[in-house]
Amino acid sequence: MGRTYAIPFAQVWDAALDLVRGELPRWHARWWDEEEGVIQALTRGHLSRRASDVVIRIGLDELAQTRVDLRSTSRSGRLGDFGGNTRLIGAFITALDRKLAKPRPVPGERR
């Protein structure tokens, strides 16, 4: 699952990294590489508390738009995730959409 934004890579990258580094509850950044455009995170579901590994890939598509793709893999093994991975990805995309929709302050400008 993923989303394409008409927003510069750096802005999308910073927003995604902020989300997994503390803005989203139960999400923890484990590793990231801006040059590769990859963020690896660990998260737990709201009710089940089952751990999932999430890989977020951010790059430019063929139209120079910023593309965010996510993959979530549950650590529960054969038990299944009961749709938990899909909900985690949806929650991340929703939070990223909201974060990117907020106007950014212009450096030096007072509000």
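Bear in mind that the values in this text are calculations on the coordinates, not laboratory data. Bear in mind that the values here come from a model prediction, so they are computed numbers and not experimental data. All Cβ positions, glycine included, derive from the backbone under ideal geometry; neighbour counts span all protein chains shown.
Of everything in the stretch 14-47, what is loosely packed, with under 14 Cβ neighbours inside 10 Å, more than 21 Å from Lys99 (Cβ to Cβ) and either of a type in the set (A, V, I, L, M) or touching a helix residue (DSSP H, G or I) at 6+ places or on another chain (Cβ under 8 Å) (or both)? Give them in sequence order.
Correct list: Leu47 only.
Counting only residues that are over 24 Å from Leu60 (Cα atoms) and aliphatic (A, V, I, L, M), how many does the stretch 18-44 have?
So the count comes out to 2.
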